[in-house]
1. Could you tell me which of 82, 130, 151 has its Cα farthest along the dipole of the stretch 72-179 towards the positive end, charges placed at Cβ (Lys, Arg +1; Asp, Glu -1), taken about the Cα centre?
2. Might you report the magnitude of the Cβ-based charge dipole of the chain about its Cα centre, with Lys and Arg at +1 and Asp and Glu at -1, to the nearest 20 debye?
3. Quick one: go through the stretch 186-208 and flag any residue whose amide nitrogen is under 15 Å from the point 7 Å out along the Cα-to-Cβ line of residue 168.
4. Looking only at the chain, where both bridge partners belong to it, what percent of the DSSP beta bridges are antiparallel (to the nearest 5)?
5. List the GluC sites (Glu not before Pro) within the stretch 142-205 that fall in a DSSP loop (any state other than H, G, I, E or B) and whose Cβ has at most 15 other Cβ atoms within 10 Å.
6. Determine the calculated [θ] at 222 nm for the chain from helices alone, applying -39500 (n - 2.57) to every DSSP H run no shorter than 4 residues and normalising by the residue count; nearest 500 deg cm²/dmol.
7. Kindly work out what percent of the DSSP beta bridges joining two residues of the stretch 184-308 are antiparallel, to the nearest 5.
8. Of 278, 46, which has the most accessible area and how do the rest follow, probe 1.4 Å?
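The values are calculated or read from the model by the stated rules, or taken from the named source; none is laboratory data. The shown structure was predicted, so the numbers you read here are calculated from the model rather than taken from an experiment. Cβ coordinates were reconstructed from backbone atoms using ideal geometry, including for glycine residues, and neighbour counts include every protein chain displayed. SASA here: full protein model, heavy atoms, side chains in, ligands and nucleic acids out. Shrake-Rupley method; radii C 1.70, N 1.55, O 1.52, S 1.80 Å.
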Amino acid sequence: MRFPISLTAAALLVAAVSRPAPQQAASVAAADDTTTVVLLGTGMPRPDPDASGPATAVVVGHKTFLFDAGPGVERRLAAARLPINGVTALFITHLHSDHTLGLPDLIFTSWVMGRARPMQAYGPHGLRAMVDDIDAAWSEDIVIRTNGLEHDPPGGWRVNVHEIKPGVVYDSDGVRVTAIPVLHGSWKEAYGYRIDTPTRSVVISGDTRPCPALEAAARGVDVLVHEVYPASKLKPENRPGGQDWVEYMHQFHTSDVELGQLAARAQPKLLILTHIVRMGATDSELIAGVRRGGFRGKVVVGKDLERF
Ligand SMILES: [Zn+2]
Ligand SMILES: [Zn+2]
């Protein structure tokens with residue numbers, strides 16, 4: 001079942017897009033506790049016009065919490081009528097390029113669209129160096145846009161980086177975000193996130209092989225957004241290094257059958273598949289894999305710009 005965004009929230013979001021207000025403006029009227037999961041990018045590294053790079057928004061009233069910044073993220077925010085001039089907070093799961101290639105876009109496009117205050121960004125160690133390097137790479141652009149005829153807000157490109165540890169990393173106005181260490185192959189630090197709002201609980205897996213800590217965090221949750229690949233299609237690939245593809249997927253990612261097993265134990269009220277490494281599998285084949293794993297609850301194959 002889809003959860004259509006409330007009229008009030010939709011009106012606020014449209015207002016936020018059509019007339020950019022300063023980031024995190026406190027001027028939006030009544031608090032609205034509506035919580036909506038918006039799939040901004042359900043893809044993986046292979047460029048697919050229909051499945052943008054990994055990015056999921058959890059919209060709580062007028063606040064947009066963004067999880068990962070895959071390529072295309074600002075255009076997907078625009079398409080979803082979410083703020084293009086700065087999200088409330090960004091949470092990065094890990095520093096793989098497919099999850100962070102949209103970071104310069106998010107930083108600079110939000111500035112050009114009116115952001116005047118630092119963006120709050122949470123993520124693993126190394127995120128600060130990445131942001132510093134991005135700033136350095138675009139240093140000429142920063143000077144020209146600030147001092148030239150464009151008159152972009154001075155310093156509006158800045159990012160406040162919070163390099164995190166497992167546990168609660170954000171807790172404000174009834175929204176709590178907890179970082180869960182996950183098992184993503186040889187990455188030393190990779191996180192999933194659990195988001196608790198006044199009305200709902202959401203867990204976003206990030207990239208991980210089946211992970212007991214994530215399963216525990218997802219127990220009985222309203223929405224589990226989880227990465228997936230089809231077990232039935234996994235085989236060595238005919239390319240240099242392709243003989244290790246099966247082992248790579250086992251160490252780094254979660255199959256549909258494994259996800260079905262995990263979900264059967266955790267019992268989320270809704271399971272959404274994302275970051276879909278399809279290998280040619282159809283939606284029904286992915287769902288069948290989840291069912292083979294034993295999950296009998298609601299499951300959907302996520303599509304970009306769907307709302308739940
Ligand atoms: Zn990854
Ligand atoms: Zn990935």
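1. Final value for the positive-end residue is 82.
2. On the way: 31 positive and 33 negative charges, 190 e Å.
Using only the charged Cβ atoms, the result is roughly 920 debye.
3. Only 194-198 pass the distance filter.
4. Working: 27 of 51 bridges.
Taking every DSSP beta bridge within the chain, about 55 percent pair in antiparallel fashion.
5. On the way: sites: 150, 163, 189; in loops: 150, 189.
Here the GluC sites (Glu not before Pro) that fit, given the DSSP loop and packing criteria, are 150.
6. Values: 10 runs with 88 residues, N = 308.
Helix contribution divided over all residues of the chain: -8000 deg cm²/dmol.
7. Values: 4 of 18 bridges.
For the stretch 184-308, the DSSP antiparallel bridge percentage is about 20.
8. Numbers: 278 70, 46 170 Å².
The ranking, largest first, comes out as 46, 278.
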